[in-house]
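Everything below concerns the one structure shown next.
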Amino acid sequence: MLDPIICVAESQKEEYQRCNPNCEIVTHPDDVIGLIPKRNWMAKYFGDLFMLDDDVHNFVKLYIELGERAPIRNRKVITQKINELYELACLLDVHLFGFTNKPTPVMFKSDEWFSLTNIITGCAYGVRYNKNTWWNESLKLKEDFWISSYMMFKERKVLTDLRYNFQQKGTFASAGGLAEIRNQEEERRNILELKHYFGDVIHLKKQHSNGKDKVVEKVQYNISAQYPI
């Protein structure tokens, strides 16, 4: 893996070059608007790639010993882990690969290091482009659920490294990007569309109470995916 590439609209190139003089800037047409159309464009343009959202702030090792720190700060180590997973995806002929969406070491199971039937985490994952590498552009949110479920339907395998997790800011904590269109109604619409295509694979999670009849999560509609394979 080479140095990260920043992919932005053509009209934003000069501003990004000024703020990131040491990074390669690749531009897409200005009419490619939104994260999901951008993913479709990047997959076709680059072929094989690993995508990191701009609000990713941490890479965490989940299988830690007592007293060991979970976050990994070394850029070379993080790059190595991505490359190792990509090489395994090539070996297994898997076209969608990523890391677990389990955020903390207490959720790690010592007898499960890799999976071919789990959803990837949406803020950081890779693809090896082929005819099945396609995101539904009628969706604006939940694209990680779409690509995981679609690839499971088409190819019956998604490679997930259960030992590490990329973490991003909270769902409603960021400004710009998806935060501008993310609301409860849009969440609901996208979940219903996922249910339309993938049925009972998509599950609504139960909301947790703080003991005072108040829902803890800011996200009203939280979902999971379970693949019966």
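The values are calculated or read from the model by the stated rules, or taken from the named source; none is laboratory data. Everything quoted here is computed from the prediction, not taken from an experiment. All Cβ positions, even for glycine, are placed from backbone atoms using ideal geometry, and neighbour counts span all protein chains on display.
Yes/no matrix, rows are residues, columns are (1) touching a helix residue (DSSP H, G or I) at 6+ places or on another chain (Cβ under 9 Å); (2) of a type outside the set (Phe, Trp, Tyr):
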position: 62; (1), (2): yes, yes
position: 72; (1), (2): yes, yes
position: 77; (1), (2): no, yes
position: 93; (1), (2): yes, yes
position: 128; (1), (2): yes, yes
position: 135; (1), (2): yes, no
position: 152; (1), (2): yes, yes
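From the list 72, 82, 78, the lone residue that is hydrophobic (A, V, I, L, M, F, W, C) and over 24 Å from residue 42 (Cβ atoms) is 72. When the range 189-224 is limited to residues that are modelled with pLDDT of 70 or more and surrounded by fewer than 12 Cβ atoms within 10 Å (Cβ to Cβ), the one that is nearest to residue 103 (Cα to Cα) turns out to be 205. When residue 109 is tested against the conditions (1) crowded, with 16+ Cβ neighbours inside 10 Å; (2) of a type outside the set (Phe, Trp, Tyr); (3) at pLDDT below 95; (4) over 20 Å from residue 202 (Cα atoms), the lone failure is (1). Go through 183, 136 for me and flag whichever is more than 30 Å from residue 67 (Cα to Cα), in the same structural domain as residue 84 (by TED's automatic domain parsing), at pLDDT below 95 and out of contact with any Lys or Arg (no Cβ under 9 Å at 6 or more places or on another chain). Checking each option against the conditions leaves just 183. Just one of the listed residues (29, 4) is surrounded by fewer than 15 Cβ atoms within 10 Å (Cβ to Cβ), at pLDDT 95 or above and more than 18 Å from residue 132 (Cα to Cα), and it is 29. Within the range 39-78, the residues that satisfy the criterion of being charged (D, E, K, R), within 14 Å of the chain's Cα centre (by Cα) and surrounded by 15 or more Cβ atoms within 10 Å (Cβ to Cβ) are 39, 53, 55.
Condition (residue is on the phi < 0 side of the Ramachandran plot, among the aromatic types (Phe, Trp, Tyr) and within 18 Å of the chain's Cα centre (by Cα)) applied to the range 6-21: is it met by at least one residue? No, that holds for no residue.
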